[in-house]
Every structure is written in structure tokens, then in C-alpha cells.
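*Asks:* Quick one: this structure, given as C-alpha cells, is what I'll be asking you about.
What follows draws every value from the coordinates through simple rules; no lab data is involved. Quick caveat, the model's predicted, so the values are computed rather than measured. So basically every Cβ, Gly included, is an ideal-geometry build from the backbone, and we count neighbours across all protein chains shown.
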Amino acid sequence: MFDELRELYQEVILDHGKSPRNFREIDHAKYHAHGNNPMCGDQLEVFVQMDDSSNITDVSFLGKGCAISVASASLMTEMLRGKNIEQARQMFEGFHEMCTTGDDNALASVPEEDADRLQVLSGVSEFPMRVKCATLAWHTMNAATKGEAEISTEDERG
């Protein structure tokens, strides 16, 4: 069973890595930031559009990176649309904790459907060098929504 689940997770990562969703620029996005992972060479731009009530109406990314980095960004863009800024930040915090500690309970405050989807990247906790790949898009989104234009994984813990 565990091997089947791991294989499914790998398929999802490869699918999103090869055919990323929302891989485009949002013209006149309310928030935009550049993210850089110098250890792996990943470089992403995240674009976030919101309505007047701070609900995310569109989110996208551009850039280059390894399959884990691109897959994580792709999954993030699918999950954040329709969320408010506070929900997006809760998802960021839970996802970051899951990736750095391996604790699946870190996603307890995330809606179950989203938590299930994020589980595909839970295995990165076993590979500390890959944690920064998986979390780059999320750090970049978080920085963008705080008005920060650039972020580097070297500035972050994990």
C-alpha cells in the first residue's frame, strides 16, 4: 500500500512538473514577487490578484526549476484561488511545517481536500535539500502578499 501511494505521489509531481497549471503572468497583478533558490537554481515569479475583500481571484507563476519546485508552484496556484489572504497564509504555514518536520498534522488547519493534495509533497521532509525546492513558491507567494518584491531560500529556515 505504501509503495502504491508513493507511486501515485510521484505521478502527481511529474504531471504538475511537466504540465504546470497557471504557468503565466497576470497583467497588473496586485501582488508580485521573485523567488530564488540558489542551492538548486530554481527561480520563480508569483502573481496574485485579489478582489476588494482580500479574496484571491487569480494566482499564477512563471520561472524555471526542478520538478518538485514547479509541481509545488502548480499545486499552490490551483489551491489558493478562491481563498482569502488569511487562509492562504495558514496554508503556507501548515505546508512549510509539514515539509520541514514531516508532521502530517501540520495541515490540521487546512481544508481536508487541500491537505490531501499537499500530502504528495510530504516526502521532501526526508530530503532537507529538497525542502527549499518544495517551499519556494509558497515563500514567494507569502512575500508577495506582504509587499516584498524578492525572497531567497537562503533568507529562510528550510
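*Asks:* Taking the Cα centre as origin and putting +1 on Lys and Arg beta-carbons and -1 on Asp and Glu beta-carbons, what dipole magnitude results for the chain, to the nearest 20 debye?
*Replies:* Working: 14 positive and 28 negative charges, 78 e Å.
The dipole magnitude comes to about 380 debye.
*Asks:* Listing His32, His16 from the residue with the fewest other Cβ atoms within 10 Å to the one with the most, what is the order?
*Replies:* His32, His16
*Asks:* From the phi of every residue in the range 109-118, what ³J(HN,Hα) in whole Hz does the Karplus formula 6.51 cos²θ - 1.76 cosθ + 1.60 yield, where θ is phi - 60° and glycine or proline is x?
*Replies:* Residue by residue, the range 109-118 yields 8, 9, x, 3, 4, 5, 4, 4, 5, 5 Hz.
*Asks:* If you don't mind, another one. Could you pull out every one of the lysines with an alpha carbon less than 17 Å from that of Lys146, ignoring same-chain neighbours closer than 8 positions?
*Replies:* Qualifying lysines at Cα under 17 Å: Lys30, Lys83.
*Asks:* Still on this structure, please answer the following. If we count other beta carbons within 10 Å of each Cβ, what is the order of Phe61, Phe92, Phe127, Phe23, fewest first? Mind dumping the intermediate values first?
*Replies:* Working: Phe61 29, Phe92 20, Phe127 11, Phe23 14.
Least crowded to most crowded, the residues run Phe127, Phe23, Phe92, Phe61.
*Asks:* Right, next: Just rank Val120, Val12, fewest to most, by other beta-carbon atoms within 10 angstrom.
*Replies:* Val12, Val120
*Asks:* Can you tell which of Ser122, Ser53, Ser109 shows the greatest fluctuation in a Gaussian network model of the chain with Cα springs below 10 Å?
*Replies:* Between Ser122, Ser53, Ser109, it is Ser53 that shows the largest mean-square fluctuation.
*Asks:* Just going by the charge dipole of the range 57-105, with Lys and Arg at +1 and Asp and Glu at -1 on Cβ, which of Cys99, Val70, Ile85 is farthest out on the positive end?
*Replies:* Positive-most Cα among the choices belongs to Val70.
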